[in-house]
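Okay, structure first, notes after.
The values are calculated or read from the model by the stated rules, or taken from the named source; none is laboratory data. In this text the structure is predicted, and so the values were computed from the model without any measurement. So basically every Cβ, Gly included, is an ideal-geometry build from the backbone, and we count neighbours across all protein chains shown.
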Ligand code: UCC
Ligand code: FAD
């Protein structure tokens, strides 16, 4: 009988053991591959100092803002207290802070200042890679902002978009603008050509007014947007299909009555993830706009934006994988089960090692695409580089988008039940990863884009691909430790070449059925070659060699096996349909 037992009020006895949470450490310092990659290609002290300091700031300050963005999602206020329509998207103070931070840190500007020549894009993207998992999804508006700046630059920085370009690429928070990318309408997001109903009505002064409905518009608190619409001729007619689409620039502004000019926000989307960021449905009701492309060249003109946003998407995918791994390995050193730390259970470490190999592959693949982009923008790209950039952009986006979901999902499991608990912040990583394979082109749509760019280049992009992959392998010929990996990639290259020869005589339907497997094969083989190349670097470690070997143990060429190839034959779509719809 103890005195405390007689107390009417006493704290519940919940035991004294509490699990330790995983601790986020400086993501730059923690990332051996990132630092190794930069030491190899861009050994610049200024960049190392900047990234190390930025990494520190992410841990001490910004990561918390990102969490606040998740906890205080945007909301839409349609009317002011006196009943006037205002359509105000209210965002959290942390979301606004992200905008200031992005400007000051030059997260878009670095790509346009080009202080590091052809490596400027690599620098910019490495910084975004660190930022992304802590950014509260602010990397989404940054991607579109970067894409818009790229489109303007490619069209020509002149009136009426001179000012916009200056703002999109500014480092001054009060000058910096973000952009939207309004493409998707109710009828469709993949098939933009038949999905776009928005019309552009010419005005006397050469500008236009847009009327239509945009079904998905992300980061809708942006200052401007690029969008697609069909120009009406004198009799009010428009041209259907892709040939009728033109590219427009519009500012998002308010009139003296406080209402959005020519715009109404119908509602905010109720999303699985990306909740930190507003995604709206918009009625364009006479939105003032300027045509940026020639009439009918809308899709081709916005393609530059797609290239940039797809690269950003891939950066976010690799970054999500890296983040979950960094937390998982920290946790593995804290959590004890069956008498020892998780890090001392070989099966647990093997699971993390598999995730690590996938993450390394994703990082090297996306960095290589950034390198190619930098070369192209710097005027130092060969024809081969340009072909590779065109081919690998959809490949890296579709492959990393899918792998991010797999790796992050595995990552959540590594925390046991805690990985499933919302207030740990971990489930949000998975919910946000799920979108990476949907927006900016789904996996299938991008697989078909791969086929189209192969066909349109008369196979030149594939020639560039094979030639560069082989040159990477040739560099490894004297490294005996890597020979199983080299042999595997070499064999996969031959299989793929052979498949392409056979498949090209089989017709378009056959190729279409093979498109996804082909795109995956392109990704896996090329990534294998990059991991091998990284392992050949004079300062590479045995871990780099091991990572290359591990990657190349998997099925690299998915279009090789006879059974699978059979599935591309004429009879199989009917069987697939029967299987699905029985
Ligand atoms: O989802 C969106 C925003 C989400 C938020 C931002 C996230 C950013 C990452 C953040 C990370 C946290 S915006 C919506 C994105 N929508 C899409 O991605 C659409 C997906 N659909 C496609 O990609 C289709 O393949 C279409 C729309 C491009 C197909 O349209 P068409 O009209 O059938 O296209 P064509 O006929 O294939 O191509 C028309 C022209 C051709 O040029 P010309 O006429 O000179 O021969 C093509 O070569 O456009 C050119 N073109 C391209 N050029 C088409 N695609 C490309 C390309 N990818 N690169 C270069
Ligand atoms: P659909 O095209 O209807 O696709 C449905 C399915 O069919 C997919 O699995 C697809 O892979 C498959 N499919 C389609 N065509 C083919 C084919 N030819 N062969 C085989 N399979 C095919 N859009 C914007 O413009 N701006 C934004 O800011 C924006 N933000 C977004 C934010 C979020 C959170 C989300 C989820 C979407 C956003 N989108 C935005 C829209 C996004 O780009 C589209 O949803 C996407 O491009 C897919 O288009 P869809 O929804 O019409 O799907």
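A quick yes/no check of all residues on (1) within 16 Å of ligand 1 (Cβ to nearest atom); (2) farther than 23 Å from residue 151 by Cβ; (3) exposed (fewer than 15 other Cβ atoms within 10 Å of the Cβ):
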residue	(1), (2), (3)
312	yes, no, no
316	yes, no, no
330	no, yes, no
333	no, yes, yes
339	no, yes, yes
343	no, yes, no
348	no, yes, no
Self-check item: Unique residue being within 16 Å of ligand 1 (Cβ to nearest atom) and either crowded, with 18+ Cβ neighbours inside 10 Å or not in a strand (DSSP E or B) (or both) when the list is 170, 194, 158
Solution: 194
Quiz item: Looking only at the stretch 253-286, which residues are more than 13 Å from ligand 2 (Cβ to nearest atom) and part of a loop (DSSP other than H, G, I, E, B)?
Solution: 253, 255, 256, 257, 258, 259, 261, 262
Exercise. Can you run down the residue pairs with Cβ atoms below 6 Å, 6 or more apart or on separate chains, where the first is in the stretch 188-202 and farther than 13 Å from residue 299 by Cα and the partner is part of a loop (DSSP other than H, G, I, E, B) and more than 9 Å from ligand 1 (Cβ to nearest atom)?
Key: 199/232; 199/238; 201/232
Self-check item: Which listed residue is assigned by TED's automatic domain parsing to the domain that holds residue 509, over 17 Å from the mean Cα position of the chain (by Cα), buried (at least 19 other Cβ atoms within 10 Å of the Cβ) and away from ligand 2 (no atom under 16 Å from the Cβ), from 462, 388
Solution: 462
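Yes or no, residue by residue, for (1) touching a residue at least 24 places away in the same chain (Cβ under 8 Å); (2) within 14 Å of ligand 2 (Cβ to nearest atom); (3) touching a strand residue (DSSP E or B) at 6+ places or on another chain (Cβ under 6 Å):
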residue	(1), (2), (3)
209	yes, no, yes
217	yes, yes, yes
227	yes, yes, yes
233	no, no, no
240	yes, no, no
244	yes, no, yes
249	yes, no, yes
Practice problem: For residues that are more than 30 Å from residue 136 (Cβ to Cβ) and within 15 Å of ligand 1 (Cβ to nearest atom), scanning just the stretch 215-237, find the one that is surrounded by the fewest Cβ atoms within 10 Å (Cβ to Cβ). | Solution: 230
Quiz prompt | Check on residue 297, modelled with pLDDT of 95 or more, surrounded by fewer than 24 Cβ atoms within 10 Å (Cβ to Cβ) and away from ligand 1 (no atom under 15 Å from the Cβ) | solution = no
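Criterion first (within 16 Å of ligand 2 (Cβ to nearest atom) and within 20 Å of residue 185 (Cα to Cα)) does residue 314 satisfy it?
Criteria not met by residue 314.
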Exercise. Please find, within the stretch 543-568, the residue that is surrounded by the fewest Cβ atoms within 10 Å (Cβ to Cβ) out of those that are assigned to a loop (DSSP other than H, G, I, E, B) and touching a residue at least 60 places away in the same chain (Cβ under 8 Å).
Key: 553
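If only one of 417, 401 is within 30 Å of residue 275 (Cβ to Cβ), touching a helix residue (DSSP H, G or I) at 6+ places or on another chain (Cβ under 9 Å) and part of a helix (DSSP H, G or I), which one is it?
401
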Quiz item: Among the candidates 430, 446, 426, which residue alone is at pLDDT 95 or above, surrounded by 20 or more Cβ atoms within 10 Å (Cβ to Cβ) and within 17 Å of residue 519 (Cα to Cα)?
Solution: 446
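Just one of 433, 406, 488 is in a helix (DSSP H, G or I), within 27 Å of the chain's Cα centre (by Cα) and more than 16 Å from ligand 2 (Cβ to nearest atom); which is it?
Details: 433 fails: more than 16 Å from ligand 2 (Cβ to nearest atom); 488 fails: within 27 Å of the chain's Cα centre (by Cα).
The conditions single out 406.
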Practice problem: Only residues in the stretch 423-448 that are at positive phi count as the first member; pair them with residues that are more than 8 Å from ligand 1 (Cβ to nearest atom), Cβ under 8 angstrom, at least 6 apart or cross-chain, and list the lot. | Solution: 425/67; 425/70; 440/397; 441/397; 441/398
